[in-house]
Amino acid sequence: IKYLHCRGAKMSTQHIRLDATAAAPPQEPHFEPSPKSLPTTITRVYSINDIPTSFLLQLFSDRIFVSVSQLKGKLGTLLSCNMEYSMIDGSKTYNVTTLLGVRDDALLEVYARQISERIMNLGRAEQWGTAEDGSPAGPSILLGIALDKKGRGRDQETFRTIIDLVIDMYTEGLRIASSP
């Protein structure tokens, strides 16, 4: 009989009894994922108008996750942006949905739309393929964004800087993901 001593977040102590006579589960073969199956991940921290701004970009096979935080790495509001292509007139429609967080801040939706539109305009359709109806497909964008509440993170210059940095990180991520 062995005892395992554990400490929780509130520094409370638990004792868990492990019975050595219990049958051990069968050993499964050790699995190591292929590096190609893991998302390409890039993190950066920039000072924008004297506000430390952390960026995270993850490229998955079917979507892109972006996090921009001026609030010490907090995720903030989580938005989803998808592009739909009209076979009738060839137009693109971007649908932005707030999944978690602040729902009445239009600027956050503009960030999601602009990031999605700029990524789609990079012309990487061969990477994403086509939808079932033959129209150009694009990745879904998940954006977690937390901007400085004092207004310094909400001006036009900051907007452009953040969008440009995200696109730079995206193109860097594509280079990394496509390298052998």
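The values are calculated or read from the model by the stated rules, or taken from the named source; none is laboratory data. If you're wondering where the values come from, they're calculated on a predicted model, not measured in any experiment. Every residue, glycine as well, gets a Cβ built from its backbone with ideal geometry; the counts of neighbours run over all protein chains shown. The accessibility values were calculated without ligands, DNA or RNA, using every heavy atom of the protein model including side chains. Shrake-Rupley method; radii C 1.70, N 1.55, O 1.52, S 1.80 Å.
A few comments on the model shown:
- Any chance residue 50 is over 15 Å from the mean Cα position of the chain (by Cα), on the phi > 0 side of the Ramachandran plot and not polar (S, T, N, Q): yes
- Filtered residue count, the range 67-94, keeping only those that are open to solvent by 50 Å² or more (accessible area, probe 1.4 Å), polar (S, T, N, Q) and within 17 Å of the chain's Cα centre (by Cα): 1
- Tally of residues being more than 22 Å from residue 78 (Cβ to Cβ), at pLDDT 90 or above and either β-branched (Val, Ile, Thr) or crowded, with 17+ Cβ neighbours inside 10 Å (or both) across the range 162-180: 1
- Residue among 17, 44 that is under 26 Å from residue 176 (Cα atoms), in contact with a Phe, Trp or Tyr (Cβ under 7 Å, 6 or more places away or on another chain) and either charged (D, E, K, R) or at pLDDT below 60 (or both): 44
- The set of residues in the range 47-78 that are touching a residue at least 24 places away in the same chain (Cβ under 8 Å), assigned to a strand (DSSP E or B) and under 18 Å from residue 150 (Cβ atoms) comprises 48, 51, 53, 68, 69, 77.
- Positions within the range 125-160 being within 18 Å of residue 97 (Cα to Cα) and modelled with pLDDT under 90, in sequence order: 138, 139, 140
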